[in-house]
Amino acid sequence: MTKLPESIDKIKHLRYLNLSSTAIKRLPDSICKLCNLQTLNLSGCKDLSVLPIEMQKLINLRHLDISGTAIEEMPMQLGRLKCLQTLSKFIVSKHSGASIEELGNFANLRGKLSILELQNVVSPTDALKACLKDRKYLEELVLEWNASNIAECQISLLDNLRPHSNLKRLTINNYDGESLSDWVWHHSFSNIESLRLENCKRCHNLPPLGWLPCLKDLSVLGFEQVVKVDHEFYGSDSSTVKPFGALQNLRFERMLNWEEWSSFGTENEDGAFPLLEELYIYNCPKLKGGLPVHLPSLAKFEIHECPQLVASLPRAPVVRELKLRDCNEVLLKELPAKLRKLTIGGFDALESLPMGMVASNNCLQPLEISNCMKLELPTHSHFVSLETLRLEGCDSLKSFSLDLFPKLYDINIWNCKNIESLTVSEQHGRDLVTLRNIEICDCPNLVSFPKGGIRAPDLSFFLVSHCESLRSLPEKMHVLLPSLEFFHIISCPRIESFPEGGLPSNVKYLNVKICDKLFAKRAGWGLEKLFFFCSQLYK
């Protein structure tokens with residue numbers, strides 16, 4: 001739907017109108033005559049940029065959802081809609097639209113409210129007239145600025161935007177004051193479960209958020225002036241009260257000057273974060289040390305773009321997933337013993353995998369390695385538990401031995417510029433009974449597959465793409481790959497033919513693109529039984 005008819009007002013008793021995710025660009029003025037309308041859902045109307053100027057005539061409107069629209073201004077006198085219970089977002093006008101005082105008329109607002117363009121508030125005292133402190137049914141509040149303003153005014157404005165203590169979720173974005181209002185961590189806000197603080201670029205310290213007893217999810221993003229996260233962050237020095245006692249997810253991101261994270265408690269035992277399950281630290285280039293010592297509930301840990309971090313990883317007896325990208329190699333020295341999923345990337349100097357992972361870790365199942373230019377895989381060890389392996393941008397690899405991975409289910413080799421071959425030792429003699437998926441892409445020096453073919457009776461998906469030096473496909477495919485259904489060959493210009501014996505009889509989908517020599521012999525492919533065939537369309 002792209003347009004509503006002007007005659008929409010003829011449906012005089014219409015109460016519910018759902019236009020979500022349509023291509024409507026404007027609403028007819030006649031819609032304002034639907035005085036019985038109670039629900040108007042415009043969410044996801046990406047091209048809708050303006051509301052009718054007489055919206056205040058919809059006096060019975062209870063629910064107005066404009067999330068995901070391009071609306072930049074609220075119509076004047078919107079505050080006359082005193083029955084309104086749901087208002088997904090309110091854009092403060094700078095000139096002709098609604099001012100923040102209009103919110104004071106919506107006594108029954110509930111659910112989620114986003115107040116945007118707060119830099120347009122003329123005076124901090126105007127925010128008091130929004131009466132947010134009286135909106136006891138609001139569960140989620142977003143406060144967002146879109147431009148810098150005088151810091152002192154922003155501090156007073158945030159003070160006056162204090163919501164009711166029943167609030168459960170709070171986001172503050174692009175706030176430009178030098179400190180946050182104390183109501184953000186006040187003990188009366190005991191119901192806060194989720195807190196997102198983003199792009200508060202002038203704040204030098206993090207407030208004592210550890211006081212919030214029900215806080216489960218905390219994100220601190222873009223606090224560019226913070227140098228140290230210390231005991232003030234925890235909010236308590238008491239040995240009987242554990243800060244962040246309910247916190248399950250913690251994220252630090254874009255903390256460009258952050259250098260140190262002070263632990264809470266003794267050197268051997270932390271008193272904070274007893275229930276923390278997920279920890280993310282992204283793009284903190286100056287962070288050197290001070291990770292928590294002990295995180296008894298941590299299951300997932302990710303560190304990205306922290307090249308100076310040399311602290312030991314926390315003791316985390318139940319951690320199962322670890323991702324380390326563009327970090328210091330020190331973090332790889334002591335990997336958790338029961339780790340199941342490991343992703344590492346951007347370790348330019350790394351030449352070999354940590355011995356603990358190779359020798360003693362029998363739980364690792366998915367392994368992803370990217371942009372480790374000097375890495376060589378050991379030839380004397382077996383990854384006995386590994387089921388999924390993804391290698392990307394590991395240019396030092398010249399060959400890949402399938403013998404090392406007896407339980408491999410899925411293998412992806414991408415953008416390994418110098419890999420020349422996949423191999424299986426002559427003494428191997430066993431089928432790769434678990435292998436289901438092979439993807440090899442952007443490996444311009446790949447020349448050959450294992451001599452004698454790949455013995456993978458259950459392999460169903462095979463993709464080889466942009467391997468310009470590859471001259472032939474695996475031998476005896478029709479016998480050794482009986483379960484193959486999906487076969488893609490893309491941009492492999494030197495391949496001239498399928499192996500002797502042709503394709504496996506079970507193939508249902510064959511995709512051949514930019515393979516001129518192979519495609520020229522298509523008459524002999526024997527495609528009569530294929531369920532679907534996508535041939536070379538573009539060269």
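Bear in mind that the values in this text are calculations on the coordinates, not laboratory data. Remember, it's a predicted structure, so these values are computed and weren't measured experimentally. All Cβ positions, glycine included, derive from the backbone under ideal geometry; neighbour counts span all protein chains shown.
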Counting sequence-distant residues (5 or more places) and residues on other chains, those with an amide H built under 5 Å from that of Leu463 are Ile438, Glu439, Ile440, His488
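What length, rounded to one decimal in nm, is gained on full extension from Glu468 through to Gln77, with 0.36 nm per residue of separation minus their alpha-carbon distance? Could you put the intermediate results ahead of the total?
Working: separation 391, 0.36 × 391 = 140.76 nm, distance 6.62 nm.
Full-extension gain reported as 134.1 nm.
Distance check, please: which entries in Lys46/Lys136; Lys338/Lys451; Lys333/Lys374; Lys216/Lys323; Lys242/Lys333 exceed 25 angstrom between their Cα atoms?
Numbers: Lys46/Lys136 31 Å; Lys338/Lys451 36 Å; Lys333/Lys374 17 Å; Lys216/Lys323 22 Å; Lys242/Lys333 30 Å.
From the list (Lys46/Lys136; Lys338/Lys451; Lys333/Lys374; Lys216/Lys323; Lys242/Lys333), the Cα-Cα distance tops 25 Å for Lys46/Lys136; Lys338/Lys451; Lys242/Lys333.
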Which whole-number percent is the relative contact order of the chain (Cα, under 8 Å, 6+ apart)?
4
Is the chain best put as rounded, prolate or oblate by its Cα gyration tensor, with a ≥ b ≥ c the root eigenvalues, rounded for a/c under 1.5, and otherwise prolate when a/b is larger than b/c, oblate when not?
oblate
With each pseudo-label sitting 7 Å past Cα toward Cβ, what's the Ser297-Val318 distance in nm, one decimal?
0.8
Estimated vicinal HN-Hα couplings, Hz - the stretch 177-185 in sequence order (Karplus 6.51, -1.76, 1.60; Gly, Pro = x)
x, 7, 8, 7, 5, 5, 5, 4, 10
Extension reserve of the Asn445-Lys288 stretch, reckoned as 0.36 nm per residue once the Cα distance is removed
52.6 nm
Which angle between 0 and 90 degrees, to the nearest 10, do you get for helix 151-160 versus the longest principal axis of the chain when only C-alpha atoms count?
80
Would you list Met1, Met373 from fewest to most Cβ contacts within 10 Å?
Met1, Met373
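Just from its helices, what would the mean residue ellipticity at 222 nm be for the chain, if runs of 4 or more DSSP H residues each count -39500 (n - 2.57) and the sum is divided by every residue, rounded to the nearest 500 deg cm²/dmol?
Working: 6 runs with 32 residues, N = 539.
Calculated at 222 nm, the ellipticity per residue is -1000 deg cm²/dmol.
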Give me the one-decimal nm value for the distance between modelled label points at Leu4 and Asn60, 7 Å along each residue's Cα-to-Cβ direction.
1.5
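Using a Förster radius of 51 Å, what is the FRET efficiency between His187 and Arg436 based on their Cβ-Cβ separation? Nearest 0.05, please.
Once the sixth-power term is evaluated, E becomes 0.40.
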With r as the distance between the Cβ atoms of Asn249 and Asp348 and R0 = 35 Å, compute the FRET efficiency 1/(1 + (r/R0)^6) and round to 0.05.
0.70
Among Ser263, Ser67, Phe301, pick out the residue whose Cα is farthest towards the positive end of the charge dipole of the chain, where Lys and Arg carry +1 and Asp and Glu carry -1 on C-beta, about the Cα centre.
Ser67
Quick one: work out Rg over Rh on the C-alpha atoms of the stretch 415-505, Rh as Kirkwood radius.
0.94
To the nearest 20 Debye, how big is the dipole of the stretch 203-336 about its Cα centre, given +1 on the beta carbon of each Lys and Arg and -1 on that of each Asp and Glu?
220
Could you compute the FRET efficiency for Gln38 and Ser165, with r as their C-beta to C-beta distance and R0 at 25 Å, rounded to 0.05?
0.25
Computed over the Cα atoms, what is the radius of gyration of the stretch 108-222 divided by 2.2 N^0.38 Å, N being its residue count?
0.98
Please list, in order along the stretch 458-473, the HN-Hα scalar couplings obtained from phi with the Karplus expression 6.51 cos²θ - 1.76 cosθ + 1.60 (θ = phi - 60°), rounded to whole Hz, x for Gly and Pro.
10, 5, 10, 10, 9, 10, 10, 9, 6, 10, 5, 9, 5, 9, 8, 8
Identify all lysines with a Cα-Cα distance to Lys133 below 20 Å; exclude those on the same chain that are fewer than 8 residues away in sequence.
Lys82, Lys89, Lys112, Lys168
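Can you tell me the length gained on complete extension of the stretch Ser483 to Leu275, counting 0.36 nm per residue apart and subtracting the Cα distance? Walk me through the numbers on the way to the answer.
Details: separation 208, 0.36 × 208 = 74.88 nm, distance 4.58 nm.
Taking Ser483 through Leu275 to full extension adds about 70.3 nm, to one decimal.
Rounded, prolate or oblate: which one fits the stretch 203-336, using the alpha carbon gyration tensor with axes a ≥ b ≥ c (rounded when a/c is under 1.5, else prolate when a/b beats b/c, else oblate)? All intermediate terms of the calculation are to be shown ahead of the outcome.
Numbers: a/c = 1.57, a/b = 1.15, b/c = 1.37.
Since a/c reaches 1.5 but b/c is at least a/b, the shape of the stretch 203-336 is classed as oblate.
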Could you derive backbone 3J(HN,Hα) for the stretch 484-501 from the dihedral phi with the Karplus parameters 6.51, -1.76 and 1.60 (θ = phi - 60°), listing whole Hz in sequence and x where the residue is Gly or Pro?
5, 10, 10, 10, 10, 10, 10, 6, 10, x, 8, 6, 9, 7, 6, x, 4, x
